[in-house]
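The values are calculated or read from the model by the stated rules, or taken from the named source; none is laboratory data. Please read all numbers here as calculations on a predicted model, not as lab measurements. Positions of Cβ are generated from backbone atoms using ideal geometry, with glycine treated the same way; all protein chains shown enter the neighbour counts.
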Amino acid sequence: MALTAGLARTGGQLLVECLHKQGVDQVFCVPGESYLAVLDAFHDRQDEFNLVVCRQEGGAANMAEAHGKLTGRPGVCFVTRGPGATNASTGVHTAFQDSTPMVLFIGQVSREIKDREGFQEVDFPAMFAPLAKWAAEISDARRIPEYVHRAFQTAMAGRPGPVVLSLPEDMLSELVAGDIEIGLRAEPIPAAPRSSDIHKLAAMIHAAEKPLLILGGGGWTGQAGVELLAFAEAHDVPVAVSLRCQDYVDNTHPNYVGHFTIGAEPSLMARLAASDLVVALGPRLGEMTTAGYAALKPPRIGKPLVHIHSDPEELGRVYQADLAINAAPSLVAAALAGLPAIASAVRKNWVRAARADYEASLVPQPTSAAVDLGQVITQLRQRLPQDTIVASGAGNYTGWLHKHWVFRQYRTQLAPTSGAMGYGVPAAIAASVANPGQRILALAGDGCFQMHGQELATAVQYGAKVLFIVVNNGIYGTIRMHQEREFPGRKVGTDIVNPDFTALAGAYGIPAERVERTEDFAAALERALAAPGNALIELITDPEAISVRTTLTKLRSAAAERQRAAEAAQA
């Protein structure tokens, strides 16, 4: 497609035209004077773009990342230079670690004053080089289509991820006349597995008595999850997932056996140790999934390893696999599903035992806490529809969600494998804006919520409908847990004073109430679900219940015992 000959347009107008060509209809931003020409271009195309104006650039970037997760195409975010870009960097880092396609556009100082450390000037290609797949600056408005197409192509290529483009202010205002070729819509180009690799993989699985398949990473689809489970069922292979990838397959399937989360189920870790073949389909096998690389020690894990990844540079980077396959997980799943079924009584028993362990883990254990998060999550799971999109940030409170929620459909989990606090609230808002009418649940700790709680205003402004659950224990729980384990009884810097979250929500016009006992939650939930728009429930929880498996008292006691043993050994 070419622009009309002789028709002059600004660089900003040309950029917006290119976004339309790439199929973008949702843009998240915080306005800035450095890209006013782009904002002006959106003014004339409001029927084509839904421009969501956020309250802080970190929230905007997280929304764009969540949109990329949900759609499989790059989420788009615009921010201004300097503090706008630094605020947005958290979302870029999440997109990188979560393998999410995303494009961040940053306004920049004019070209004529470049490199003088002008107002809010930063060298953005240098700043984002370690955080993005590609970071560049457009210095010539006529090359905008080239850069935009490459940005979208790169964001979706191989292992998906973020791209950052810096936009000098005067370049965006520059008039461009003549024919300008917009080019084609970028599309992912997945790497296909070789048939010989698929047959070798199948042979290794059939030779094993206790194989374990671990799914994760980018490049998945709902169909791929269905096909992978069909293969697993036909060949008697248990299927687990890596950190915060629980929605990749239906958790109710008899071959699904659990989640390698932070502090994974001991029974699942025991299965991993006892396995005689590990097939990693998609995940990098990072620090969190492997319990600090202790559960699978690199470079060789002590048993056969098949590693399948969409990025050839990831293969052999940490783990040396017996079979390494550079291919998109979705195409590998399709190829495996096409293989003839080969059942095994030994593997079938292996699957059944692992599945039984998983099902047992779903049952909340008795607790003396006034608000039992295990019971709360179970009630939410039983009451909300199975296509509910669940968004969460990072913190110990997520342990109950990961343990007790059962995901049924692909892309119903929005959670940062980067471990970034503050993600859940903006991600939930982005999900609601993209999926009006679908039930959206945001679970946030008190500290996590306050990272981007101001985006409640965005939720109200754009008609989102989110059920916000705030877990309030008055501390930064994860850090307190580590603190008590390493320096028992010496707490510092982890207590926080919180606002009245119900009053805060009310200030935004959102109905809210506080729950201090488990038995009061069900009724509060029904009232929240009856609200015409957003609603918030604040749960007052006991900091003593620091995680799904231990308490602060037990942590201190165990740490003190280790200290006494160490002192005795030195005596």
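Observations, loosely collected:
- Count of residues meeting criterion [in a helix (DSSP H, G or I), touching an Asp or Glu at 6+ places or on another chain (Cβ under 6 Å) and surrounded by fewer than 21 Cβ atoms within 10 Å (Cβ to Cβ)] in segment 73-110: 1
- Scanning segment 475-512 for residues that are surrounded by fewer than 17 Cβ atoms within 10 Å (Cβ to Cβ) and among the acidic types (D, E) gives E486, D495, D500.
- Any hit, segment 471-493, residues being assigned to a strand (DSSP E or B), of a type outside the set (G, A, S), within 27 Å of the chain's Cα centre (by Cα) and at pLDDT below 95: yes
- Residue in segment 542-556 that is surrounded by the most Cβ atoms within 10 Å (Cβ to Cβ), counting only those that are free of Cβ contacts under 8 Å to residues at least 12 places away in the same chain and in a helix (DSSP H, G or I): K554
- Taking the criterion of being over 22 Å from A95 (Cα atoms) and in contact with a helix residue (DSSP H, G or I) (Cβ under 8 Å, 6 or more places away or on another chain), the residues of segment 139-168 that qualify are S139, D140, A141, I144, P145, P168.
- The selection criterion, being assigned to a helix (DSSP H, G or I) and surrounded by 18 or more Cβ atoms within 10 Å (Cβ to Cβ), does not hold for A135.
- Among residues of segment 349-385, those that are in contact with a Lys or Arg (Cβ under 6 Å, 6 or more places away or on another chain) and surrounded by fewer than 19 Cβ atoms within 10 Å (Cβ to Cβ), counted: 3
- Counting only strands (runs of 3 or more DSSP E) wholly contained in segment 208-324, no element carries 1 or more residues that are at pLDDT below 95 and either surrounded by fewer than 16 Cβ atoms within 10 Å (Cβ to Cβ) or assigned by TED's automatic domain parsing to the domain that holds P160 (or both).
- Taken as a whole, segment 16-24 holds at least one residue that is under 24 Å from A136 (Cβ atoms), touching a strand residue (DSSP E or B) at 6+ places or on another chain (Cβ under 6 Å) and not basic (K, R).
- Residues (part of a helix (DSSP H, G or I) and within 19 Å of K465 (Cα to Cα)) located in segment 494-522: F501, T502, A503, L504, A505, G506, A507
- Test set (1) over 25 Å from S139 (Cα atoms); (2) surrounded by 24 or more Cβ atoms within 10 Å (Cβ to Cβ); (3) among the charged types (D, E, K, R) - D47 fails condition number: (2)
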